[in-house]
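Working notes, structure below.
What follows is calculated from the coordinates using simple rules that are stated; it is not laboratory data. It should be emphasised that the depicted structure is a prediction, and the values quoted were computed from it without experimental measurement. Quick reminder, even Gly has a Cβ in these numbers, built from the backbone with ideal geometry, and neighbours come from all protein chains shown.
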Amino acid sequence: MKITALICLLLLATACSSEQKKNTPKVETKESLEEYKNGIYTLYYPGRKKVQIQGARDKNKVRDGKWVALSPKGTELSYTFFVKGKREGHSFVKYPNGIMRYHGEYLHDEQIGVWKEYDEQGKLIKEIDHGTGTPEK
């Protein structure tokens, strides 16, 4: 009789604890998609397996160097170079299908020269000449 009572108590305790586990809300932790390591900022797509945006930063975390944006498949969708937080040199942005959207050059964070814009089929739709820019102060 004592063994039967002990078995009943064990079954009851097990049933209660499994019921309690079912009703306990699951706590989800939000995955961080950003990383800053060794002077390189990286933003990942969900799952943290593929890079979405990556670029160098100086000790004050100001953009300084090459910055790229990538598609989920790893195709380079944009490229811009920064010097002390200002855009410098050639820059481009592509459509998700990989075709050029626009490209041109920067001088001291200002568009200079001819900038070209294309439609999603790659046809040139706009061309703007921004001139030579203003000298750095």
Worksheet, complete the sentence: FRET efficiency (residue 84, residue 31; Cβ distance; R0 25 Å; to 0.05) is 0.20
Practice prompt. Can you grab the distance from the C-alpha centre of segment 29-63 to the C-alpha centre of segment 72-137, Å, no decimals?
Written response: 23 Å
Worksheet item: What FRET efficiency comes out for the pair residue 116/residue 71, r = Cβ-Cβ distance, R0 = 30 Å, nearest 0.05?
Response: 0.90
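Between residue 49 and residue 109, what is the FRET efficiency for a Förster distance of 30 Å, r being their Cβ-Cβ separation, to the nearest 0.05?
Values: r = 33 Å, r/R0 = 1.11.
Here the calculated transfer efficiency is 0.35.
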